[in-house]
Every structure is written in C-alpha cells, then in structure tokens.
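Worksheet for the structure shown next.
The values are calculated or read from the model by the stated rules, or taken from the named source; none is laboratory data. In this text, all values refer to a predicted model and were calculated from it rather than measured experimentally. So basically every Cβ, Gly included, is an ideal-geometry build from the backbone, and we count neighbours across all protein chains shown.
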C-alpha cells in the first residue's frame with residue numbers, strides 16, 4: 001500500500017525456486033530496502049537455516065517466517081496514553097523538511113475529533129511560513145494557537161502556551177519547533193532549553209517528545225534519531241511520506257535500534273492522512 005514491495009522482489013529473486021545462489025543475493029536486497037545491516041544479516045541467516053532444513057521450502061513459506069521474525073523482534077510497549085494531567089504536553093521535533101508542521105496539524109485534527117480541546121504552540125519563531133501554515137490549519141480546524149513575534153525566544157512561546165492551556169482548560173498542547181539539523185549543537189541545545197522551560201510552566205512537561213522522520217531518507221533517519229535522542233530523550237516516532245515512494249524498512253531499523261514505539265505514519269498531505277502504526281498490518285504491507 002505505502003511501500004515498494006519487498007515481497008515482490010523476493011519472489012522475483014527466487015523465481016519460484018529457493019536455492020543457495022538466490023540466498024546469497026538476499027542480504028543485499030534486504031539492505032537496499034533499508035532494513036539495516038544487522039536485520040538484513042539476521043533475516044538472511046534465518047532463510048539459510050530454513051533452506052538447509054527443508055531444501056524444497058517454498059518462497060511463500062519463507063516470507064511467512066520472515067514476517068513472524070520481524071513481528072516478534074519489533075514487539076514494544078504501546079505508545080503512552082494521554083495522561084490525566086491537564087494539559088498533556090507533547091513536544092514535536094525533527095529536522096528540516098520532514099513534514100513536522102503538517103504532522104502537528106494532522107495530530108491536532110485527530111485529537112480534536114476525539115473530543116479533546118487542543119492548543120498548538122507555534123514555537124518555530126524563525127520561519128514565518130511555519131507559523132502562517134499553522135494559523136491556516138488552526139483556523140480551518142478551529143484549534144487554538146499561541147504564537148510569538150518573529151525571531152522571539154521559542155522557549156518563551158512554549159511557556160506562554162502552556163500557561164494559556166492551563167487557564168483555558170485545554171486537554172492537549174502540541175508544541176511545534178523549528179526544524180533543525182541534528183549536527184548543529186546550538187540548535188539541539190535549544191531543544192533542551194524548551195524542555196526545561198516546559199517543566200517550569202508545568203512540572204513533568206513535556207509528557208511526550210516525538211520525533212518526526214522522513215521515511216524516504218533511509219538510513220539517514222537513523223542517524224537523526226540517535227542524535228535527537230541523545231539531546232532530548234524521545235518517547236516515540238512518527239514516520240512521514242510513506243505514500244508509495246518510501247521503502248518502508250526504515251521503520252524496522254529505527255524501532256529495533258532505539259526501542260522506540262512508532263505512533264503514527266503519514267501517507268499523504270491531506271489533514272486525514274495520518275494513521276496509527278499497526279505492526280502486523282505494516283509488515284504485511286511491506287511484504
């Protein structure tokens with residue numbers, strides 16, 4: 001549905017017959033699908049064992065075993081539920097171009113449709129277009145928005161937004177932040193400041209810190225995730241642009257490496273194009 005079909009490539013590789021020559025090429029196929037070196041090696045070893053045990057094994061039987069192994073290795077606790085603390089503060093972070101601001105609009109719409117009162121903090125004060133984009137989304141979805149002046153301190157906007165949410169009885173605060181390269185130390189430290197200020201405004205906030213990643217970037221997303229996780233401990237991930245071009249295996253590599261739950265996957269630009277991550281369906285789709 002969203003991905004290049006790894007299963008189709010495996011079927012073509014074996015051509016209806018499993019043999020050692022095809023197995024030799026399998027690891028590279030897994031790697032090209034962005035499953036990561038370790039997972040690619042482990043899955044190839046599994047297939048080799050199956051073949052040695054049963055030389056007449058079918059491709060479909062191999063695919064079934066691969067899916068079972070991946071599902072077992074990716075079992076993680078579900079994302080945290082919305083706390084009873086009011087408001088529940090969710091910090092959304094990510095690199096430039098990952099679809100972070102659009103994802104926040106989708107999340108706001110989703111929570112609002114569940115009957116929750118949502119407030120969005122426009123803390124990307126350095127990119128006017130981000131605030132304008134959020135203003136349009138907020139107006140069309142009737143979501144409250146707190147913003148600051150262009151170039152103002154993002155942490156101050158967050159503080160004001162959390163205080164406003166408390167006084168207005170908001171259930172959820174979604175904090176938009178400036179897109180930043182994970183290699184820029186000063187920008188990463190700014191995120192730490194936002195977390196500290198959030199805790200001052202409401203002890204324990206943010207209750208969730210979610211990293212938005214572009215799934216089309218493959219293994220580069222893993223480097224991003226690791227660095228962000230070091231500076232501001234993450235509670236979960238959202239993968240965007242799983243709309244037909246992404247290889248999809250990135251999700252597996254990241255989740256296995258960092259042991260972080262994937263909350264949602266974005267499959268398009270529309271306000272409704274955000275789906276909860278379902279492991280079984282995801283793996284089935286991948287293959």
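What number of residues within the range 108-129 are surrounded by fewer than 22 Cβ atoms within 10 Å (Cβ to Cβ), touching a strand residue (DSSP E or B) at 6+ places or on another chain (Cβ under 7 Å) and under 21 Å from residue 148 (Cβ atoms)?
0
Which of the residues spanning the range 43-59 are touching a residue at least 12 places away in the same chain (Cβ under 8 Å) and part of a helix (DSSP H, G or I)?
43, 44, 46, 47, 48, 50, 51, 59
Which of the numbered conditions does residue 97 fail, given that it passes all the others? Conditions: (1) assigned by TED's automatic domain parsing to the domain that holds residue 174; (2) within 21 Å of the chain's Cα centre (by Cα); (3) surrounded by 15 or more Cβ atoms within 10 Å (Cβ to Cβ).
(3)
Quick one: is residue 178 surrounded by 15 or more Cβ atoms within 10 Å (Cβ to Cβ), under 23 Å from residue 95 (Cβ atoms), over 23 Å from the mean Cα position of the chain (by Cα) and touching a residue at least 40 places away in the same chain (Cβ under 8 Å)?
Considered against the rule, which asks whether it is surrounded by 15 or more Cβ atoms within 10 Å (Cβ to Cβ), under 23 Å from residue 95 (Cβ atoms), over 23 Å from the mean Cα position of the chain (by Cα) and touching a residue at least 40 places away in the same chain (Cβ under 8 Å), residue 178 comes out as no.
Within the range 232-243, is even one residue outside any helix (DSSP H, G or I), modelled with pLDDT under 80, out of contact with any helix residue (DSSP H, G or I) (no Cβ under 6 Å at 6 or more places or on another chain) and within 30 Å of residue 42 (Cα to Cα)?
yes
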